[in-house]
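Visitor: I have a structure I would like to understand better, so I am pasting it below and will then ask my questions one at a time.
The values are calculated or read from the model by the stated rules, or taken from the named source; none is laboratory data. What you see is a predicted model, and the numbers here were worked out from it, not measured in a lab. All Cβ positions, glycine included, derive from the backbone under ideal geometry; neighbour counts span all protein chains shown. Side chains included, ligands, DNA and RNA excluded: accessible areas come from the protein's heavy atoms. Shrake-Rupley method; radii C 1.70, N 1.55, O 1.52, S 1.80 Å.
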Amino acid sequence: MSVTRTPPEQKWLLNERAVVVGELQAIEAELDRLAARKTHLTHLLTALDNVYSQVAPSVPAGLSLVVHGHTRYGGRGNCIKWVRDVLRAAYPSALDTAALTLAAEEAFALVHATPAQRGKFRNNSLRTALRTLLAQGEAERLHDYQGVPHRAGVWRWVPREPSYAAIVAQAQELNAQKKEHAWR
């Protein structure tokens, strides 16, 4: 059996073609996602305009300002969701804010040119997310925040106890499974 050699220029052309086709497919997928998002937001805007016209019929909604918000972390609430997921994954261990800051930089592809910028991110975005989770009872502070200044905070996920309704539903499901298994 003879081995054929593909000339390097053909390999290069085929590789470049494959890269371009892959990028076009990625663009098409993103366009489809954006079209679906546009449709959703258009319906949401119509619903909000409808409600606004009922709340304040004398003031037209078109006079309101346009705001381009929630773009820093890929969408609204994504920083809090990310911190929640990281703390949940680390449970029962705790994480300090320095480790969370480094992980967030990697997760959100953030580049801080100076330590001051990193500190602003940690103090504004990350601390806000942690305090939100603390207020919701989903995270607990394991450090003395009024004690030593400039010390990294330590945070841990607080697992929620299942509600009574969830326990009853789980028990009913188990009983139904037992009855089904008994009939076999």
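Visitor: Please work out if Asp49 is surrounded by 12 or more Cβ atoms within 10 Å (Cβ to Cβ), among the acidic types (Asp, Glu), assigned to a helix (DSSP H, G or I) and in contact (Cβ under 8 Å) with a residue 12 or more places away in the chain.
Guide: For Asp49, the condition - surrounded by 12 or more Cβ atoms within 10 Å (Cβ to Cβ), among the acidic types (Asp, Glu), assigned to a helix (DSSP H, G or I) and in contact (Cβ under 8 Å) with a residue 12 or more places away in the chain - is met.
Visitor: Further question on the same structure: Given the conditions (1) surrounded by 12 or more Cβ atoms within 10 Å (Cβ to Cβ); (2) at pLDDT below 85; (3) more than 13 Å from the chain's Cα centre (by Cα); (4) polar (S, T, N, Q), which single one is not true for Thr132?
Guide: (2)
Visitor: Quick check on my filter: what residues within the stretch 79-121 are open to solvent by 80 Å² or more (accessible area, probe 1.4 Å), within 17 Å of the chain's Cα centre (by Cα) and under 16 Å from Leu134 (Cα atoms)?
Guide: Matches in the stretch 79-121: Lys81, Asp85, Arg88.
Visitor: State whether one or more residues within the stretch 144-153 are open to solvent by less than 90 Å² (accessible area, probe 1.4 Å), under 23 Å from the mean Cα position of the chain (by Cα) and free of Cβ contacts under 8 Å to residues at least 60 places away in the same chain.
Guide: yes
Visitor: Could I ask something else about it? Quick one: in the stretch 135-150, which of the residues that are out of contact with any strand residue (DSSP E or B) (no Cβ under 9 Å at 6 or more places or on another chain) and within 25 Å of Asp85 (Cβ to Cβ) is modelled with the lowest pLDDT?
Guide: First pass over the stretch 135-150, keeping only residues out of contact with any strand residue (DSSP E or B) (no Cβ under 9 Å at 6 or more places or on another chain): 135-137, 144-150.
Adding the requirement that they be within 25 Å of Asp85 (Cβ to Cβ) leaves 135-137, 145.
Values: Ala135: 88, Gln136: 86, Gly137: 85, Tyr145: 63.
Looking at residues that are out of contact with any strand residue (DSSP E or B) (no Cβ under 9 Å at 6 or more places or on another chain) and within 25 Å of Asp85 (Cβ to Cβ), I get Tyr145.
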